[in-house]
Amino acid sequence: MKKKKIVIALGHEALGTTLPEQQEATRRTAKAVADFIRDDYEVVITHSNGPQVGMIHTAMSEFCRIYPEYTATPTSVCSAMSQGYIGYDLQNAIRTELLNRGIYKTVSTVLTQVIVDPYDEAFYHPTKVIGRVMTKDEAEEEEKKGNHVTQVDGGYRRIIAAPKPVDIVEKDAIKALVDANQVVIACGGGGIPVLSQGNKLQGASAVIEKDLAAGKLAQLLDADMLVILTSVDKVCLNFEKEDEKALDTMTVAQAKEYLAEGQFGEGTMAPKIEAAIDFIDESAIRSVLITKLNKEGTELTGGMGTLIKK
């Protein structure tokens, strides 16, 4: 009998922010991942990287400010660093949890590049704030380099584009590892955004919504289910209003209707719903679960969350 394939997208709460928080959070997350593996699922994991890549970007920018003789670190390289940093803790935590349960599987992190369209509308309207707070003079220097900045409390910060994922460069490698019965961590932080230029891949000054990348990954792997772990138990209508309503289930048609009504926040719940719609498409088999990982990191699917199906 063919095993069911599941892609699990880990949000910020499943990872933490600081190094000690991340190590503790990944231990909890590993329990939920191990539950799926125990139940004989083929598991692929992707994750957010917001605080981590922000920390790396700030550190590298500060390093270049102090030592101007060094070349500035591109956003795409910072993203690659975050994949290694988070993947290291995740794969070790999952490996330990599996061995503690007597399960012997290799856990691998794949440094993953995601192709974006150079003509994506997002490049003309950057929205994602990154890096440290800068002075007006520093902001002007960034603009001279061709970068975009925006005014924030206390100064200025860089803003970059968030284009949609078009394809995943390492998809065949990921498929091969899954077929070899390995647990795979891929597309961390939405993947490293790259532009395809003939035979060359050029890093893009952008970030990709990790939920959209998770949906694309699940689609390309022909997964049966996409689980998106976030900061709320269920998807809600009229979120944080007096008439807030939590949803146990939702059809793709309803998801499209609610999205068009503006029920879901841009950059928060909206990308998760978009990912669910794109992944399920016309399939009567695929499903998406959006939920919150509990404190112990167990009992992930026991009636929790919002289940989306055709």
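The values are calculated or read from the model by the stated rules, or taken from the named source; none is laboratory data. Given the structure is predicted, the values throughout are model-derived calculations rather than measurements. With ideal geometry, Cβ positions are generated from the backbone for all residues, glycine too; neighbour counts draw on all protein chains shown.
Some values worked out for this structure:
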| item | result |
| --- | --- |
| Identity of the residue in the stretch 162-219, among the acidic types (Asp, Glu) and closer than 22 Å to ILE290 by Cβ, that ends up surrounded by the most Cβ atoms within 10 Å (Cβ to Cβ) | ASP211 |
| Residue check for LEU19: of a type outside the set (Phe, Trp, Tyr) and modelled with pLDDT of 90 or more | no |
| Residue satisfying condition, being more than 17 Å from ALA80 (Cβ to Cβ) and in a strand (DSSP E or B), within set ASP167, ASP172 | ASP167 |
| Test: residue in the stretch 24-38 that is under 20 Å from SER108 (Cα atoms) and either among the acidic types (Asp, Glu) or touching a Phe, Trp or Tyr at 6+ places or on another chain (Cβ under 7 Å) (or both) | yes |
| Number of the exception - VAL114 against (1) assigned to a loop (DSSP other than H, G, I, E, B); (2) of a type in the set (Val, Ile, Thr); (3) touching a residue at least 60 places away in the same chain (Cβ under 8 Å); (4) within 20 Å of SER205 (Cα to Cα) | (1) |
| Selection count, the stretch 220-271, where residues are in a helix (DSSP H, G or I) and not aliphatic (A, V, I, L, M) | 5 |
| Inter-residue pairs, beta-carbon under 6 Å, first closer than 26 Å to ASP224 by Cβ and in the stretch 259-284, second among the acidic types (Asp, Glu) and crowded, with 20+ Cβ neighbours inside 10 Å, 6+ apart | PRO271/GLU209; PRO271/ASP211; LYS272/ASP211; ALA275/ASP211 |
| Residue list for the stretch 1-22, filter: of a type outside the set (Val, Ile, Thr), buried (at least 16 other Cβ atoms within 10 Å of the Cβ) and either touching a residue at least 40 places away in the same chain (Cβ under 8 Å) or over 17 Å from LYS292 (Cα atoms) (or both) | LYS5, ALA9, LEU10, GLY11, HIS12, GLU13, ALA14, LEU15, GLN22 |
| Criterion: of a type in the set (A, V, I, L, M), within 26 Å of ASP172 (Cβ to Cβ) and crowded, with 20+ Cβ neighbours inside 10 Å - qualifying residue of VAL116, VAL77 | VAL116 |
| Residue in the stretch 28-49 that is of a type outside the set (Phe, Trp, Tyr), modelled with pLDDT under 85 and assigned to a helix (DSSP H, G or I) present | no |
| Members of the stretch 165-179 that are more than 17 Å from the chain's Cα centre (by Cα) and in contact (Cβ under 8 Å) with a residue 12 or more places away in the chain | ALA173, LYS175, LEU177, VAL178 |
| Residue identified as outside any loop (DSSP other than H, G, I, E, B) and either modelled with pLDDT of 85 or more or of a type in the set (Val, Ile, Thr) (or both) among GLU138, GLU97, GLU142, GLU62 | GLU97 |
| Matching residues in the stretch 65-82 - criterion: being outside any helix (DSSP H, G or I) and either modelled with pLDDT of 90 or more or over 27 Å from the mean Cα position of the chain (by Cα) (or both) | TYR67, PRO68, GLU69, TYR70, THR71 |
| Set ALA218, ALA255, ALA223, ALA206: member being of a type in the set (Gly, Ala, Ser) and more than 18 Å from the chain's Cα centre (by Cα) | ALA255 |
| The stretch 212-250, residues that are closer than 25 Å to ASP179 by Cβ and of a type in the set (Asp, Glu) | ASP222, ASP224 |
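Conditions tested, residue by residue: (1) among the β-branched types (Val, Ile, Thr); (2) modelled with pLDDT of 95 or more; (3) in contact with a Phe, Trp or Tyr (Cβ under 9 Å, 6 or more places away or on another chain).
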position	(1), (2), (3)
ALA173	no, yes, no
VAL184	yes, yes, no
ALA204	no, no, yes
VAL207	yes, no, no
LYS210	no, no, no
ILE228	yes, no, no
SER231	no, no, no
TYR258	no, no, yes
GLN263	no, no, yes
